[in-house]
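What follows is a set of notes on a single structure, which appears directly below.
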Amino acid sequence: MAAPKLKHPFELYSEFFDNFTSVHTRSSYDSDLHKFIEWLITAAPKVKGFDDLERSHVIAYRNYLSDEPVSLAPKTVARKLACISSYCDFLVEKGVCQFNPASSVKRPRLEVVTPTQALDAGQVRELFTAIDLKSNSGPMHLALLITFFTTGLRKSEVLALKYKDYREINDSKVFEYKGKGGKIGQKLVHPLCIEALENYMSWMRSQNRGLEPNDHIFQPTRNPKDPTKLNKPLNPRTVNEIVDHYAKKIGLNFKISPHSARATFIGELLEHGVDIYTVAREVAHSSVKTTQEYDKRRKKLQDSPVFKLKF
């Protein structure tokens, strides 16, 4: 069966994006493909559609992304190439292309050029104590930051949490969350986090704010545009601003983000001797190599496994 005709040669099939359950993934792939198309129109004008695409074009695009002045991180370049390859595979299945020109293009080694800035335990405690619990936003800010640092969840996963996702299983409080690829996971909630959440929920009740099962846990405490519309999830940009505000307040001399909390969570577990495979499962990394990128421990000769030998 022939593929349906598109309005123009580089129009993208919406059917491809329907394969992905994550809104973030769909948006990222759409952006990556459109940027590739923009580059093709300028740098390879003879390419009139994906069926004209050759391996040399994908290689040229990879080099364009990697070299100055663009100079993207190897991990970002590899992700963009994976997106192109995935779409070309889809086009082969649709009968639009005879082969995937990106499948054999070598991708950059996934080395961390600028690792996410992690905090030490003392800095995390400073961050928590810098929050004024007497202010309207204080209880929510503390619960939010403690959730980040004690669960290692991604920003999108934390912001998607609803009250029905905070439950008790076998006498333990857990978060049930939707991770990458739509996978459902469960995360044990730390006692410090339970205390902060309960205080935040108590404050919400004092403000006659909704705590219905389908309401998001983390909601804005104010809305200048419409003060009546508060029952909604926090804006991702707002979370960045919250983290940045307290980082400056305690005088951190490096920039941190919500992802720094995930890096700190991983680093602290490794520092306390949790094996890397257990940590990888805990943070839902598909490969232990990803977890290794966060390992900031100094290697000591006396820690060598050679001393485990008992010949």
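Would you check if there is a residue in region 191-199 being within 22 Å of residue 280 (Cβ to Cβ) and out of contact with any His (no Cβ under 6 Å at 6 or more places or on another chain)?
The answer is yes; a qualifying residue exists.
Among the residues of region 218-229, is any loosely packed, with under 15 Cβ neighbours inside 10 Å, closer than 30 Å to residue 29 by Cβ, out of contact with any strand residue (DSSP E or B) (no Cβ under 7 Å at 6 or more places or on another chain) and of a type outside the set (Ser, Thr, Tyr)?
The answer is no; no qualifying residue exists.
Hey, does region 5-25 have a residue that's touching a helix residue (DSSP H, G or I) at 6+ places or on another chain (Cβ under 8 Å), of a type in the set (Lys, Arg) and outside the structural domain of residue 179 (by TED's automatic domain parsing)?
There is no residue in region 5-25 that is touching a helix residue (DSSP H, G or I) at 6+ places or on another chain (Cβ under 8 Å), of a type in the set (Lys, Arg) and outside the structural domain of residue 179 (by TED's automatic domain parsing).
Going residue by residue through region 89-98, is there one that turns out to be part of a loop (DSSP other than H, G, I, E, B) and in contact with a Phe, Trp or Tyr (Cβ under 7 Å, 6 or more places away or on another chain)?
Yes: one or more hits.
Within region 177-201, how many residues turn out to be without any contact (Cβ under 8 Å) to a residue 12 or more places away in the chain and either on the phi > 0 side of the Ramachandran plot or surrounded by 11 or more Cβ atoms within 10 Å (Cβ to Cβ) (or both)?
Number satisfying all stated conditions: 3.
In the list 56, 86, 71, 104, which residue meets the criterion of being over 30 Å from residue 243 (Cα atoms), of a type in the set (Ser, Thr, Tyr), outside any helix (DSSP H, G or I) and not assigned by TED's automatic domain parsing to the domain that holds residue 259?
104
Identify the residue in region 1-34 that is in contact with a Lys or Arg (Cβ under 7 Å, 6 or more places away or on another chain) and part of a helix (DSSP H, G or I) and, among all such residues, is modelled with the highest pLDDT.
Applying the filter and picking the extreme gives 32.
The values are calculated or read from the model by the stated rules, or taken from the named source; none is laboratory data. Worth saying up front: this structure is predicted, and the values here are computed from it rather than measured. Please note: Cβ atoms are built from the backbone with ideal geometry, for glycine as well, and neighbour counts cover all protein chains shown.
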